[in-house]
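Data first, discussion second: the structure below is written as structure tokens.
Values quoted throughout were computed directly from the atomic coordinates according to the rules given, and no laboratory measurement underlies them. Given the structure is predicted, the values throughout are model-derived calculations rather than measurements. Positions of Cβ are backbone-derived with ideal geometry, glycine not excepted, and every protein chain shown enters the neighbour counts.
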Amino acid sequence: MGLKVSQPPRRRPVLFTALLLWLMMIASAQADETQPDRARDLRYGWILYEYHQGNAFDALTQLAVAREQGGIEGHGDHPALVEGGLMLSWGMTREASSVFTELLGTDGGSTLPLNVRNQAWFYLGKVFYLEGNHARASENLERVDGDILAAANHDLFREWVYLRARLATMSSEFGNGLELTSLQGLLEDTDIWSLYLRYNSAVSARDTGNAVAAEAELQALIAILDESTDSDEPEAEREGLLGRARLSLAGLYLRDGQFEAALETLGAMPLNGVFADQALFDYAVAAAGQGRPQRALDALETLSGRDLFLPWRQQVPYARAYVLEQMNRPQHALPAFRQAADHYEARIEELNGIRSRLSEENLMAQLDFRRDSEGILTDSYGRLRVQPVDFGMAEVLASETFQQALAELNELYRMQSFIAERQSRFEAFRTMLETREQQRQIRIAQTRRALDSQQAEQWQQLHHAFREKIATALSEEDAGFFMTSKQKALRNKLDEVAETLAGLPDDATTASQRATYQSMRAYFDWWIADDYGVNRWATQKQLRELDREMEHFQTQRQQVETLMADGAGHAELARRISTSERELATLGEEISVALGNARHGLLSQVDRMLVARQEELKGYLLASRHAQARLADQLFSASQSAGVGDE
């Protein structure tokens, strides 16, 4: 079997996104010195914060909100690159493809800065590679300027070389041997990407029937891994690749009947390594092929003492009994075949029970998800970081369709939780509306009491009566009505003088005083008549001012009454909340349907795997029963022959 290393090693998404962001910042600084060294748009600063934290979903949500609110200003095309990188890290390859394609446009991004265009081509090619569209991937990756990419970020340059080399090995349409050699020359021999290329090259050669080239590549790879001890790559990753290479080389030797070479290669593998169990079984096959059944039996005995989780290990009980039979030990082989048959029968029944109890809860109990404070961790391509509790799940868990379905299910649960949180906020909104309505009624009551205390109707009646008096005085030309306060005071004094003179006796002094009074009275009457026009104008002016004030007072009162009676604002807010709540409920129903489909698809995949495993076990069970019957007949015939001879 070939190792599936066409994908780079999985890492925390925060490292991937931070690396991508750093690359874009460096590239933008090189492309345009006027690019900002800090966020000019507050929303973009928040997006970058979420981006750095590895919260791809939150950052994508913020980008969508910013786009709806008019977009991000002051950062050119960088938000689009960030969005595409986020989608790629979140496993949204189709959406990322749309973003990068739109960014490049029909002219291939000729108007974009060189480094921005270079990155867009690289990520678009990577998207097509992940989707399996090798022709489009090769087309876009070839447009990348490797020198610029290497100067911006050497890690991405190494990945670019790896992707192009992998495309070159997949089909002659995408490359040739010279191109592959040229690409490999861009990487150091001890570079983990170069080692992956060597292994994949060996697997490709083996699959095309070129066993000699495959053997040479694997031997060179093993030699490099044995000699190189100083590396920045994780030690476990290099050890795993070394074990896989030795196992593949041993497989070539076994296929060609080189059992001694296979034993030597497998003997170098540690018993506690990742591929120790597979190595033990292949060692048993090689020992049996070399004519050393005892070695084969020892290896199988060691292997049978371990849990038989993986499907290929289920052949161990049968193989152990078969080796005993080949060692001409039928008395031991017969119970071994019986034990194997019992094992397969029990395992089939166990799988029947698992299928009958199969549910999402039981399935998730068999998976160990790696988490941090933000939730379940994902790798660079959005797949969940998960390990099987029962290694029998490893086969289905390793499939791409299962991984995608599992990631989709997790994302749907996150969306469902998000919607539930928003729906709980609508409860708070309704409480807020009720509280606002109560407060509004309280303020209306307070306002009405304040209006009542102003006695508006009484003031309006007084104003009307005053207008009528003035109108009557005008029609009668009543000059006395329009006298000023000073004139009225003087009139009152004259009236008092007249009353006093009326009570005095008639004599010369009184006559003189009365003559003086008459002169004063005549002057006063002339004064009033002369000032009639001025006083009338002053009174009418004051009346007009009073009219305006009363009109303003009535207008304000009417506005207050209208505001108290009108609840349109409150009703509009309630309507918007109800509309949003209905839309959210509809979205929740759609997510529930999608969740049901995702659960069904996930469980169906597991059920199909269990059925396939049952069929395989039935084959081993049938073979064990046949071997058991054959050996029983042989032993019975031998005992009968021995009895006849004794007679």
Notebook entry, point to check: Per residue, how much space in cubic angstrom lies within the convex hull of the C-alpha atoms of the range 456-567?
Noted result: 113 Å³
Notebook entry, point to check: Counting only Cα, what are the radius of gyration and maximum Cα-Cα distance Dmax of the range 502-553, in Å?
Noted result: 20.2, 62
Note to self: From the Cα trace of the range 386-472, what convex hull volume per residue do you get, rounded to a whole Å³?
What the structure shows: 138 Å³
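Would you order HIS343, HIS464, HIS134 from fewest to most other beta-carbon atoms within 10 Å of each residue's own beta-carbon? Could the numbers behind the result be given before it?
Numbers: HIS343 20, HIS464 10, HIS134 16.
Listing HIS343, HIS464, HIS134 from fewest to most nearby Cβ atoms yields HIS464, HIS134, HIS343.
Can you give the local net charge around VAL285? Use residues other than it whose beta-carbon is closer than 12 angstrom to its beta-carbon, Lys and Arg +1, Asp and Glu -1.
Working: positive: ARG255, ARG292, ARG295; negative: ASP282.
So the environment of VAL285 carries a net charge of +2.
Among VAL593, VAL386, VAL497, VAL144, which comes first, second and so on when ranked by fewest other beta-carbon atoms within 10 Å? Please list the in-between numbers first.
Working: VAL593 10, VAL386 20, VAL497 16, VAL144 24.
Result, fewest neighbours first: VAL593, VAL497, VAL386, VAL144.
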Check: Normalised by the number of residues in the range 456-567, what is the relative contact order in percent for Cα pairs under 8 Å and 6+ residues apart?
Finding: 35 percent
Next item on the list: Report, in whole Å, the centroid distance computed from the Cα atoms of the range 439-518 and the range 544-588.
Entry: 45 Å
Checklist line | Local electrostatic count, ASP495, Cβ distance below 14 Å [Lys/Arg +1, Asp/Glu -1] | finding: +1
Margin query: Please compute, for the alpha-carbon atoms of the range 453-516, the extent along each of the three principal axes and give them in descending order in Å.
Written below: 60, 30, 18
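Remind me, what semi-axes does the range 499-647 give for its equivalent ellipsoid, largest first in whole Å, using sqrt of 5 times each Cα gyration tensor eigenvalue? Kindly include the intermediate steps, with their values, before the conclusion.
Numbers: eigenvalues 3700, 44, 10 Å².
Square roots of five times the eigenvalues give 136, 15, 7 Å.
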Checklist line | Order of GLU411, GLU301, GLU217 - criterion: other Cβ atoms within 10 Å of each residue's Cβ, fewest first | finding: GLU301, GLU411, GLU217
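At a Förster radius of 30 Å, what calculated FRET efficiency corresponds to the Cβ-Cβ distance of SER359 and GLN339, to the nearest 0.05? Numbers along the way, then the final one.
On the way: r = 32 Å, r/R0 = 1.08.
Here the calculated transfer efficiency is 0.40.
Counting only other residues whose beta carbon sits under 11 Å from that of ILE528, what net charge do I get with K and R as +1, D and E as -1?
Numbers: positive: LYS488, ARG491, ARG521; negative: ASP478, ASP525, ASP530, ASP531.
It works out to a net charge of -1.
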